[in-house]
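Okay, structure first, notes after.
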Amino acid sequence: MKKPKVHRVESKGHSALPKNSQERVRASERQFRLLVESVEEYAIYMLDMNGNVATWNSGAQRIKGYTPGEIIGKNFACFYTAEDVATGKPQRNLKEAREKGFTREQGLRVRKDGSVFHADVVLTAIYGDKGKVTGFSKVTRDMTDQIRARSAEAARLAAEKANKAKDDFLAALSHELRTPLTPALAAASYLADHAEKLPAKFSQELDTIRRNVQLEARLIDDLLDLTRISRGKIELRFDRVDTHTVIREALDISQDDIGKKELKISATFAADKHHIWADRIRIEQVFWNLINNAVKFTASDGRIEIRTSNDERNHFVFEITDTGIGIETKLQSSLFQPFEQDASVARQFGGLGLGLAIAKHIVDLHDAAISVHSRGRSYGTTFRVMFDVMPDRVGRSRVAARTPNKQTKSLRILLVEDHGDTRQTLSRLLKHFGHNISEADCTQRALEIIRSQVFDIVLSDIGLPDGSGYDVISQAKRKQRVKGVALTGFGTDEDIRRGREAGFDFHLTKPVDVHELRSILDQAGA
């Protein structure tokens, strides 16, 4: 058998290889150099034993700014910051790569123009035929965009965390502020309804207490509403709305304040088309805010005129004009910004300066428009709101009809409330209304009572010292047929959703008017 021909390697390098092998190696090297040269995302170059630049690809030129003619032969220390050079970092990196084979780090590097950038750098030793280091390869990646993106993401996450912390704080603050208002409003409302049994001199004081508790609750609502609306966390329930009906209801709410200031009110409902597609509750909030604003800033014996009409573009137009203090022209552009109320006005009339900002947000969410006009101080003010008119079609209202406070039957109610004054006041009132009341001040006690008694309704606070009202209602519904009414200072859309999922059939936000509570209990017990 013929032996295969053996090629003896006489010396190192390409010349020791067969001719065709040498050509393949050279072709491979050319292709590799072309590949390295064409890489734009990375600076890829060679260093000699002393750290002088020996090769330079297009990525290196793009990232660091030097042309090959400018940088080849110069020491790579010029890529380091002055602080790194002073501490001998370039030489330490070469030494580490020589001893360990490579080194990798992330840090600052310097471009030709002196600017610095964040870099990811790999320095690798190149070994010769005898296993000795003959130079180094260096690959540098500009991390500026990645770090900027990570910083932006970190900032976004931090902002989300801060917003959540703020939301949690506002929810807790709302609960803590509302809870002590509940017994005060409940007691004042009950006594006011039975004022004929009290000395006449007390009726005015009772009315003052009730009105100011309601005002305090409105300020809390405004603060939370602004937060929810501005973050897109408000839930709108659209339906066909008769604006004339809603305006009349908003006027009814303001009658006490109008009467006390002896204001002259005129209302002209001239709009033939006055149905809009809107969230009824929120639109009433807009009209009430504008009416309340006019009442607040109009002196006694002043006038307020309300007009509705349709313009040539088929809009419903609401206008309210007062003879109040007016608004300086320079302030009108910022009037709908939160907390922009003039300091002197705030001192004289009170409030947080949120009502108009909330009205503007709600109007914007309905793709409608709101504007203000005043000739200046002492010339009164006109607000104008425009909505698209609805086509003539019927919509189904999601707003429950208002029912009279007529007790249908005596109910077995478990009242779960850890705030002592609230629990005691509500218990006394509910017993007076003819209901059978059991009380619990914590989750554990409530569940013990549920195991031994049957109830028609569980009326529970959400925040309890050893759990939550969600635990109470969910376990109560597993054991018996019972309706759940949440009575709580937590009133966000998320709180209502969680309550519904846990098993609550109704959600009342503190402070709750006695009439509203009785109406809900009548519906729950029907």
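Each reported figure results from applying straightforward, stated rules to the coordinates on display, with no laboratory input. Quantities reported herein were computed from a predicted structural model and do not represent experimental measurements. Counting neighbours? That spans all protein chains shown, and the Cβs are built from the backbone with ideal geometry, glycine included.
Quick notes
- Computed FRET value (nearest 0.05) for ASP367 with ALA149, which takes r as the C-beta separation and R₀ as 41 Å: 0.70
- Converting phi to 3J(HN,Hα) with the Karplus coefficients 6.51, -1.76 and 1.60 and the offset θ = phi - 60°, segment 362-379 yields 5, 4, 4, 5, 9, 6, 10, 9, 9, 9, 9, 9, 8, 6, x, 4, 6, 10 Hz in sequence order, with x at every glycine or proline.
- Those residues of segment 483-507 whose amide nitrogen sits under 19 Å from the label point placed on ASP193, 7 Å along Cα→Cβ: 485-488, 507
- Each other residue within a Cβ distance under 15 Å of GLY420 adds +1 if Lys or Arg and -1 if Asp or Glu, for a net charge of -3.
- Global form of segment 413-526, assessed from the alpha-carbon gyration tensor, a/c cut-off 1.5: rounded
- Whole-angstrom gap from segment 444-495 to segment 239-271, using each part's C-alpha centre: 39 Å
- Close amide H contacts of ILE126 (hydrogens built in the peptide plane, cut-off under 5 Å, sequence separation of 5 or more or a different chain): THR134, GLY135, PHE136, SER137.
- Annotation: the residues PHE117, PHE383, PHE506, sorted from fewest to most other C-beta atoms within 10 Å of their own C-beta, follow the order PHE117, PHE506, PHE383.
- Per DSSP, loop trypsin sites (Lys or Arg not before Pro) in segment 100-157 with at most 15 further Cβ within 10 Å: ARG111, LYS112, LYS130, LYS132
- Here the Karplus relation 6.51 cos²θ - 1.76 cosθ + 1.60, evaluated at θ = phi - 60°, turns the backbone of segment 510-522 into coupling constants of 5, x, 9, 5, 4, 4, 5, 4, 5, 4, 5, 5, 5 Hz, with x for every Gly and Pro.
- Largest first, the three principal axis extents of the alpha carbons in segment 238-388 are 40, 30, 27 Å in whole numbers.
- Each other residue within a Cβ distance under 11 Å of GLY326 adds +1 if Lys or Arg and -1 if Asp or Glu, for a net charge of 0.
- Backbone HN-Hα couplings from phi across segment 453-467 [Karplus 6.51/-1.76/1.60, Hz, Gly and Pro as x]: 9, 10, 10, 8, 9, 9, 9, 10, 6, 8, x, 10, x, 10, x
- Links that overshoot a 24 Å alpha carbon limit, given the list LYS479/LYS510; LYS166/LYS477; LYS431/LYS510; LYS64/LYS138: LYS479/LYS510; LYS166/LYS477
- 5 angstrom amide H check on LYS483, placed H, neighbours 5+ away: ILE457, VAL458
- Take every pair of alpha-carbon atoms less than 8 Å apart whose residues are at least six positions apart; their mean separation over the length of segment 41-159 yields a relative contact order of 26 percent.
- Each residue, ASN52 and TYR127, gets one label point 7 Å from its Cα in the Cβ direction; the gap between the two is 2.6 nm.
- Put simply, the amide H of PHE297, placed in the peptide plane, has no neighbours under 5 Å, leaving out anything fewer than 5 places away on its chain.
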